[in-house]
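The values are calculated or read from the model by the stated rules, or taken from the named source; none is laboratory data. Computed from a prediction, not measured in an experiment: that's the story for all the values here. Cβ atoms come from the backbone with ideal geometry, glycine included; neighbour counts cover every protein chain shown.
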Amino acid sequence: MALENEENSTIEPDVNDLMEREWKRHMTQLALDNISPSVSEVSMRCFELFYQGKAVEEICETLDIKRNSAYVLRKRILERVRIEILRLNEELS
């Protein structure tokens, strides 16, 4: 069954958006997997907890770290992930 042009114009952006989101999710996970052996477990766990939406107070209590340390760890992991995604994009281009 062929879709009408009008329907295609509304369906295609949805499919493209979905594909783009899935690709970004895949690249982010791949980057995390690649950097995880070279960072501390506490750093990765801190990042994961922030990503899960946990409050900084809960993260600090869970990991027994100070508030400032939690933010620093998150920032460091984000930067490492950003650099790894750039490297992966270059490699896959």
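Given the condition within 21 Å of residue 93 (Cα to Cα), aliphatic (A, V, I, L, M) and assigned to a helix (DSSP H, G or I), answer yes or no: does some residue in region 36-43 qualify? No, there is no match, as no residue in region 36-43 is within 21 Å of residue 93 (Cα to Cα), aliphatic (A, V, I, L, M) and assigned to a helix (DSSP H, G or I).
The single residue among 61, 57, 48, 91 that is under 16 Å from residue 26 (Cα atoms), surrounded by fewer than 16 Cβ atoms within 10 Å (Cβ to Cβ) and over 14 Å from the mean Cα position of the chain (by Cα) turns out to be 91. Scanning region 25-35 turns up at least one residue that is surrounded by 10 or more Cβ atoms within 10 Å (Cβ to Cβ), at pLDDT 95 or above and more than 11 Å from the chain's Cα centre (by Cα).
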